[in-house]
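Colleague: I'd like to ask some things about the structure below.
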Amino acid sequence: MSGNRQYFIIKPLNSSPDGFGHNSGLSQIKFSLSNQNKTVESLRVVGTLYSTNGAGDESGKVNGVTETYDYNTPRKAGLNGLFSSVTISSKQGSVIERVNNLHRLSASINTCLNTQNDMDCDLMGWAVNRVSVVQKLGLVGQPFMLNLPMGLLNSGMDVLDLSDSGFAGLSLTLALNTDQTIYSGDDADDNKPYVLLKDVALVGVWRDIVDNSKGRIIPFNTYSSFFNVLNSSNESVSTTLGLSNVTGMFGNFLATASASNYTTECDNLDQLNNLAKVGFGKGGRMRPNSYRLTPVPRPDDAGTQNQILRQYNSSLKPFNDLRHSCVNLNSSVLANNGRNEGIGCRYTTTGGAGESFQNSVFQITLESDLGVDTSVPTGFYSFFVSQNVVGVRAGQVAVES
Amino acid sequence: MTESERFLDPLSNIDIIDGIDVTTTILDPVVSNTSSCRFNIESRAFLQKDARLSFNLHSEDADEGEVALNSISGGMGAIQRIVLRLGTKVIHDIDYVGYVSARRECEKSLERRSGREMFRYGSNPYWVYNSDGELEPSSTEYKNMDGDNDPSGFRMYISDDADQPTQICVPLSQLLPIFRNALASFPLYALKNEYQMNLEVFWADPEEFCIVASIDAGINGDPEAMPDITISSPQLVLNYVTYPDNITALYDKQISSKEGYVVYYTDTIHTESHIPASTVSNTTMHRIQMSGHELQKLNVSVRQNHRSRWYARACSKDMPSKKFNIRINDSPIFSEDVENQGWQYWLWQNSSDTQRLYLKNGQFSTQLNKVQSENVVQDNGLGHSYDLQGNLNWIVVDFRKDQRNPISFGNGVRVGLNPIEFQLSYAYDATADPRSNSHYQLHFHSEISRILQIQGGNVDVSF
């Protein structure tokens, strides 16, 4: 490995003295990683979060002592839930990866890949999967540090090549969620708080590389996000993905009425009510299971270890790692944290290339009573994990799928 | 079965193959007193790296349960300084090793700490969230809250019975980096007599690693006076491995060659600096002379005379509005000062082997709203929230070129003639930390590359 590691800090291209946020009128944060002979090893978004109430006053607690309001920020998604979408594109404007509904993606990833103890310690991502902790989130000028759940940023230390033989620079655009999406809780509903993000920057480590100007093929992981609305207790959803090498699919549910609402959390991971059967299909054929999954034993208020949750959890990671998760596999977890559930499946058991959906339609059938507490219609947020390839040369970027 | 034999793990299957003979030895020190002990390690066979130091602790004048091990480094904090030598050649000489142990504990998962290390060292990661989301000691683990004036102690209390003392067993790999080095082997048989390996341990003052119960009935009571703590019966538990002749012959060939048998390893050296008390914002520059050394990591512990009632001195304090920068070879490491606490947290996290920190809310920062910690409000409470809040806050910067490279040599930053300059700013804030108007002590544990060479029975260690 050549070159010394160097620490960097990159400020946004756009800025506002009032900070970023929908209320300040600047809801997108744009970064430019310039063309230079460096490879980014690690990248984080840092900044300071201010909560301001509808009257324009900063509200919350200072140094945790003077408690004014209890506003909840997403406890499962953490502060990645600040963002609705993240786009990584080349300098010429080719989109390399774009993920929508980041708060729903983060909620699933965080709970699937972390134990409860791990999440209790997620200090700077702020995804603390506990009901009690979330009650204390009245925030005035609080720093954060986020690892964006983008495939490209989590594909290894040799991928983000900014040189002419790589991406020749990259653009990164973060679009903020609405304040109604970010906040929840009674005080939030009363006072209509809004977010102001200040001192936002990208920090990380890069190292010098030698530009060989030959171009290269860069494999990377990616998430693709889709959104559908379920209106029927026996719903069938078909999506043309156009993706090759899909290694897994997972999805979660939220009543559409709760999608942008101060009274409800944006990252609830409740299962569909009385979910009876889930069938995954590819081009009209049941795949990867040749049968419909049923929750055996059926889920109840305490949550149970059932086939649906097991497959959901394994859609992100190898089967034998299930213990490192706080997806509700037993009732003891539910007591502290609310449900952590969803549906999903895995298209490879060996970490291989997965399956191609370029010429096949992805189908899913769901038999249920839709949302909890008869909240209908219900939003279905689905995410596909796929292995992608980008060909780069002298700033020209071609993404395979 | 002796006490030390109980600490031994069974031999692994890997060791038990044809031709390999393992002999377990329990060494008593050649010198032992109240402040230190020294072990001489016999020059035979190969030393297995799973070597352990065991010792006993008991309090002389405290009742049972009144004094306990701190909750982060536990009994490891009893070791103030540790020196490993081959003859007179120093491999490691690490002072204030309690800070190193405590910092490393923060990088281990809670499962590991609560499932294994709590029983090995007496560390205790059981901090829980109360119904308001604040952090407080577990009522199961912390027993000094039963509503009367008699402290009933802690789970990890130090025995008051000299005949049944508290036993601590520490793998040397926790204390000495060379024992964690995957590429290092110790062919002791090849050493001349004058290069016999020896280990010297200096014991810490109880104030460094012990916490004491409160006898006050009200909330946030002051702790009792620190009782005398006696450290006794230190022993070193070693496995000598004898390999088949064909393997030993390979070592012989290498040791007798021109370049000899070479181990590239990481050493930790300690330096200290001081920040005078200030009631306004304060910026200080600290120069660390490290000319010629190859720096891999810089770890800075911040200490005050006040010791945390939960961590004793096995902690590093956050400073209000802290920001820092480092200049090496006249170049700043950061293009602007590191101020955002998220960035500071990430720098430490990114430098750890696990790429994660396992701190609970309140332990890293004094200033995050979300991480407000709770003082113990039960009848016999101990300590204020600022005895917990922001007490596990190390400044760590990693300079390695390749974090995955096990060979330390050539993997760091070579420091030239000019000293490393560490600039640190903070501002007194009575709300964040009422004690931030006192002076601070900085302890730098710098990790550097060194080379150990065994050639023809002689030993040489780079400076």
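The values are calculated or read from the model by the stated rules, or taken from the named source; none is laboratory data. Small disclaimer: the values here were computed from a predicted structure and weren't measured. In this analysis, Cβ positions are derived from the backbone assuming ideal geometry, glycine residues included, and neighbour counts consider all displayed protein chains.
Colleague: Do we find that B:TRP346 is of a type in the set (Phe, Trp, Tyr) and at pLDDT below 95 in this structure?
Modeller: It is false that B:TRP346 is of a type in the set (Phe, Trp, Tyr) and at pLDDT below 95.
Colleague: Could you tell me whether B:ASN246 is surrounded by fewer than 18 Cβ atoms within 10 Å (Cβ to Cβ), out of contact with any Phe, Trp or Tyr (no Cβ under 9 Å at 6 or more places or on another chain) and at pLDDT 80 or above?
Modeller: Considered against the rule, which asks whether it is surrounded by fewer than 18 Cβ atoms within 10 Å (Cβ to Cβ), out of contact with any Phe, Trp or Tyr (no Cβ under 9 Å at 6 or more places or on another chain) and at pLDDT 80 or above, B:ASN246 comes out as yes.
Colleague: Which condition from (1) in contact with a strand residue (DSSP E or B) (Cβ under 7 Å, 6 or more places away or on another chain); (2) surrounded by fewer than 20 Cβ atoms within 10 Å (Cβ to Cβ); (3) over 18 Å from A:ASN35 (Cα atoms) is the one that A:ARG216 breaks?
Modeller: The number of the failed condition is (3).
Colleague: Would it be correct to say that B:LYS322 is closer than 22 Å to B:ASN437 by Cβ and in contact with an Asp or Glu (Cβ under 9 Å, 6 or more places away or on another chain)?
Modeller: When the stated conditions are applied, B:LYS322 passes them.
Colleague: Is it the case that B:ILE255 is of a type in the set (A, V, I, L, M), at pLDDT below 90 and either surrounded by 16 or more Cβ atoms within 10 Å (Cβ to Cβ) or not in a strand (DSSP E or B) (or both)?
Modeller: Judged against the criteria, B:ILE255 is not a match.
Colleague: Considering only residues that are buried (at least 24 other Cβ atoms within 10 Å of the Cβ) and of a type in the set (D, E, K, R), look in the range A:65-107 and name the one that is nearest to A:ASN252 (Cα to Cα).
Modeller: In this case the residue turns out to be A:ARG104.
Colleague: OK, next. Report yes if A:THR173 is within 22 Å of A:THR52 (Cβ to Cβ) and more than 14 Å from every other protein chain (Cβ to nearest Cβ), otherwise no.
Modeller: Criteria not met by A:THR173.
Colleague: Specify which of the listed residues (A:TYR312, A:TYR381) is out of contact with any Leu (no Cβ under 8 Å at 6 or more places or on another chain) and either over 30 Å from B:ASN130 (Cα atoms) or at pLDDT 85 or above (or both).
Modeller: When all the criteria are applied, what remains is A:TYR312.
Colleague: How many residues does the range B:105-124 hold that are surrounded by fewer than 19 Cβ atoms within 10 Å (Cβ to Cβ) and either touching a His at 6+ places or on another chain (Cβ under 8 Å) or of a type outside the set (Gly, Ala, Ser) (or both)?
Modeller: Residues that pass the stated criteria total 4.
Colleague: Does B:ASN282 fit the bill of being over 26 Å from B:HIS92 (Cβ atoms) and without any contact (Cβ under 8 Å) to a residue 40 or more places away in the chain?
Modeller: no
Colleague: How many residues does the range A:129-150 contain that are modelled with pLDDT of 80 or more and more than 7 Å from chain B (Cβ to nearest Cβ)?
Modeller: Final tally of qualifying residues: 7.
Colleague: Only one of A:SER225, A:SER236 is among the small types (Gly, Ala, Ser), under 16 Å from the mean Cα position of the chain (by Cα) and assigned by TED's automatic domain parsing to the domain that holds A:GLY379. Can you tell me which?
Modeller: None of the other options fit; the residue is A:SER225.
Colleague: Would you please name the residue that is modelled with the lowest pLDDT, looking only at residues in the range B:188-207 that are in a loop (DSSP other than H, G, I, E, B) and surrounded by fewer than 20 Cβ atoms within 10 Å (Cβ to Cβ)?
Modeller: Of everything passing the filter in the range B:188-207, B:LYS192 is modelled with the lowest pLDDT.
Colleague: Can you find a residue in the range B:328-336 that is surrounded by fewer than 23 Cβ atoms within 10 Å (Cβ to Cβ), charged (D, E, K, R), farther than 19 Å from B:HIS445 by Cβ and within 14 Å of chain A (Cβ to nearest Cβ)?
Modeller: yes
Colleague: For the range B:420-463, give me each residue that is out of contact with any Asp or Glu (no Cβ under 7 Å at 6 or more places or on another chain), of a type in the set (Gly, Ala, Ser) and not in a strand (DSSP E or B).
Modeller: B:ALA427, B:ALA430, B:ALA432, B:SER438, B:GLY456, B:GLY457, B:SER462
Colleague: Kindly establish whether A:ASN117 is free of Cβ contacts under 8 Å to residues at least 24 places away in the same chain and in a helix (DSSP H, G or I).
Modeller: The answer is yes for A:ASN117.
Colleague: Follow-up question, since we're still on this one. Does the range B:194-203 contain any residue that is under 27 Å from the mean Cα position of the chain (by Cα) and under 20 Å from B:ALA162 (Cα atoms)?
Modeller: Among the residues of the range B:194-203, at least one is under 27 Å from the mean Cα position of the chain (by Cα) and under 20 Å from B:ALA162 (Cα atoms), which makes the answer yes.
Colleague: Within the range A:250-257, does at least one residue satisfy the condition of being within 27 Å of A:SER386 (Cβ to Cβ), assigned to a loop (DSSP other than H, G, I, E, B) and of a type in the set (A, V, I, L, M, F, W, C)?
Modeller: The answer is no, given that none of the residues of the range A:250-257 is within 27 Å of A:SER386 (Cβ to Cβ), assigned to a loop (DSSP other than H, G, I, E, B) and of a type in the set (A, V, I, L, M, F, W, C).
Colleague: Turning to a different aspect of this structure: Give just the number: which of (1) within 14 Å of another protein chain (Cβ to nearest Cβ); (2) surrounded by fewer than 24 Cβ atoms within 10 Å (Cβ to Cβ) does A:ASN110 not satisfy?
Modeller: Single failed check for A:ASN110: (2).
Colleague: Let me ask you something else. Look through B:ASP61, B:ASP132 and report the one residue that is charged (D, E, K, R), within 14 Å of chain A (Cβ to nearest Cβ) and farther than 27 Å from B:GLN349 by Cα.
Modeller: B:ASP132
Colleague: Any idea how many residues of the range A:345-355 are modelled with pLDDT of 90 or more and either over 12 Å from A:ARG287 (Cα atoms) or not assigned by TED's automatic domain parsing to the domain that holds A:ARG285 (or both)?
Modeller: Residues flagged as modelled with pLDDT of 90 or more and either over 12 Å from A:ARG287 (Cα atoms) or not assigned by TED's automatic domain parsing to the domain that holds A:ARG285 (or both) within the range A:345-355 amount to 0.
Colleague: While we're looking at this one, here's another question. For the range B:98-127, name all the residues that are of a type in the set (A, V, I, L, M, F, W, C) and over 19 Å from B:GLN235 (Cα atoms).
Modeller: Scanning the range B:98-127 gives B:VAL100, B:ALA102, B:CYS106, B:LEU110, B:MET118, B:TRP127.
Colleague: Taking the range B:401-418, which residues are charged (D, E, K, R) and either in a loop (DSSP other than H, G, I, E, B) or at pLDDT below 90 (or both)?
Modeller: Result: B:LYS401, B:ASP402, B:ARG404.
Colleague: In the range A:1-27, how many are assigned to a strand (DSSP E or B) and surrounded by fewer than 15 Cβ atoms within 10 Å (Cβ to Cβ)?
Modeller: Residues that pass the stated criteria total 0.
Colleague: Just one of (1) assigned by TED's automatic domain parsing to the domain that holds A:TRP126; (2) more than 25 Å from A:ARG5 (Cα to Cα) trips up A:GLY204, so point out which.
Modeller: For A:GLY204, the exception is condition (2).
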